[in-house]
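Peer 1: This is the structure I have questions about; it appears just below.
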Amino acid sequence: MTEGASLRIASVNKDFAKANDVEARTIALHDVSLSIAAGELVSLIGPSGCGKSTLLRLTAGLDTPNSGELWIGPEMITGPNAERGLVFQDPNLFPWLTVRRNIESGLVARGKLQEKRHEVDEFMRLVGLETFENAYPHHLSGGMAQRVALARALINHPKVLLLDEPLGALDAFTRMRMQDEVLRLWQARGTTMLLVTHDIDEAIYMSDRIVIMTPRPGRIERTIPITLERPRQRNSPEFLQLRGEILEMLHFAGEARSAEV
Ligand SMILES: Nc1ncnc2c1ncn2[C@@H]1O[C@H](COP(=O)(O)OP(=O)(O)OP(=O)(O)O)[C@@H](O)[C@H]1O
Ligand SMILES: [Mg+2]
């Protein structure tokens, strides 16, 4: 199944007014261009403040660039749309709604619940939450809450799923399980995914390509295709070699000396 669409970011610039000085601007993104094929999974790595979240917000249509364009397939992005799902580090669930109602909430907002109600069960099964449909968010572990957030985004059949450190708050074991979960969903649905992560192992394990950004103003420093066969072995010599090479690149870029960027 291929639900994904291509994403094209063309010469995007974005700056913000500085909080303490209305005259001064923070340049968040400088001439960023990136093309992602339909169904591709691309990770974005870069130091804090280099504009990763800004780029995701622009792609989500939550903000507009100063110049440049963003396209989903043949359509230019002009505002938010359910075809571009966004999942953050904080699952942002409605605490007063059950798991089922949280997953349904996107459909309710779009007036599609009647038509799509039958899919709610399917998506709860897909993320392994069928026995928790009546639980409330405070009963869920971090990993389970993040699965609800994923199901809530996926039920809209997004053509592009934007993931901003979605697994960043999870412990190491849950995180690795969830990486497999996201990969399974990606393979099942063919959704195009753009994943922001600070974890180089996660980026290598999951991505078709890793895009490295420079410190602010964020530019694309380089793109590394990951051609290791899937499912990937985290301890294989090839994996570890790639990890070393990427660390080295980041080291020379003056950004990081450990596996966390
Ligand atoms: N709404 C805003 N108003 C003013 N400045 C902003 C706004 N959003 C982002 N910035 C600034 O733009 C720059 C890029 O921020 P952004 O959140 O995109 O970085 P990031 O790469 O996601 O960082 P992190 O890894 O810490 O999440 C930062 O200097 C930030 O302070
Ligand atoms: Mg961010």
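The values are calculated or read from the model by the stated rules, or taken from the named source; none is laboratory data. Just so we're clear, the structure is a prediction, and the values are computed from it rather than from any experiment. All Cβ positions, glycine included, derive from the backbone under ideal geometry; neighbour counts span all protein chains shown. Side chains included, ligands, DNA and RNA excluded: accessible areas come from the protein's heavy atoms. Shrake-Rupley method; radii C 1.70, N 1.55, O 1.52, S 1.80 Å.
Peer 1: Is it possible to state the helix-based mean residue ellipticity at 222 nm for the chain, with each DSSP H run of 4+ residues giving -39500 (n - 2.57), the sum divided by total residues, to the nearest 500 deg cm²/dmol? What is it?
Peer 2: -10500 deg cm²/dmol
Peer 1: Which one of Lys18, Lys116, Lys159 has the biggest mean-square fluctuation once the chain is modelled by GNM with Cα springs under 10 Å?
Peer 2: Maximum among the listed residues: Lys18.
Peer 1: Using θ = phi - 60° and the Karplus curve 6.51 cos²θ - 1.76 cosθ + 1.60, what whole-Hz ³J(HN,Hα) does each residue of the range 237-246 get, with Gly and Pro shown as x?
Peer 2: x, 5, 4, 5, 5, 4, 4, x, 5, 5
Peer 1: If you average over every viewing direction, what projected area does the convex hull of the Cα atoms of the range 120-255 give, in nm²? Please report the intermediate quantities before stating the final value.
Peer 2: Numbers: hull surface 37.5 nm².
That works out to 9.4 nm², a quarter of the Cα hull's surface.
Peer 1: Something else about it: Would you mind checking the tilt of helix 99-109 against the longest principal axis of the Cα atoms of the chain, expressed as 0 to 90 degrees and rounded to 10?
Peer 2: 80
Peer 1: If Lys and Arg each add +1 and Asp and Glu each add -1, what is the summed charge of the other residues whose beta carbon sits under 14 Å from the beta carbon of Gly61?
Peer 2: Charge balance in the 14 Å sphere: 0.
Peer 1: Report the semi-axes of the equivalent ellipsoid for the range 1-156 in whole Å, largest first, where each axis is √(5λ) for an eigenvalue λ of the Cα gyration tensor.
Peer 2: For the range 1-156, the ellipsoid semi-axes come out as 32, 19, 14 Å.
Peer 1: Once the other residues with Cβ under 11 Å from the Cβ of Tyr205 are scored (Lys, Arg +1; Asp, Glu -1), what is the net sum?
Peer 2: Once all neighbours under 11 Å are counted, the net charge is +1.
Peer 1: Next up: For the chain, give the magnitude of the charge dipole about the Cα centre (Cβ charges: +1 Lys/Arg, -1 Asp/Glu; no others), in debye to the nearest 20.
Peer 2: Dipole size: approximately 340 debye.
Peer 1: For the chain, which whole percent of the accessible surface, found with a 1.4 angstrom probe, sits on carbon and sulfur atoms?
Peer 2: Details: 6190 of 12260 Å².
Carbon and sulfur: 51 percent of the exposed surface of the chain.
Peer 1: Taking amide H positions as placed 1.01 Å from N in the peptide plane, with prolines and chain starts having none, which residues 5 or more places from Glu221, or on another chain, fall under 5 Å of its amide H?
Peer 2: The list, which skips near neighbours in sequence, is Ile212, Met213, Thr214.
Peer 1: Using modelled backbone amide H atoms (1.01 Å from N, in-plane), which distant-in-sequence or interchain residues come within less than 5 Å of Gly73's amide H?
Peer 2: Ser6, Leu7, Arg8
Peer 1: Across the Cα atoms of the chain, what radius of gyration and what greatest pairwise Cα-Cα distance (Dmax) are found, in Å?
Peer 2: Every Cα atom of the chain included, Rg and Dmax give 18.5, 55 Å.
Peer 1: Relative contact order of the chain, please, whole-number percent, based on alpha carbon pairs below 8 angstrom and at least 6 residues apart.
Peer 2: Relative CO of the chain lands at 27 percent.
Peer 1: Based on Cα positions only, what radius of gyration and what Dmax would you give for the range 93-156, in angstroms?
Peer 2: Cα only, the range 93-156: 10.5, 31 Å (Rg, Dmax).
Peer 1: Under the rule of at least 5 residues apart or a separate chain, name every residue whose amide H is placed under 5 Å from the amide H of Leu41.
Peer 2: When sequence neighbours closer than 5 places are left aside, the close amide H contacts are Met193, Asp208, Arg209.
Peer 1: Moving on. Considering only DSSP beta bridges whose two residues both sit in the chain, what percent are antiparallel, to the nearest 5?
Peer 2: About 55 percent, rounded to the nearest 5.
Peer 1: Using a 10 angstrom cutoff on alpha carbons, build the Gaussian network for the chain and name the most mobile of His157, His118, His139.
Peer 2: Taking springs between Cα atoms under 10 Å, the residue moving most is His118.
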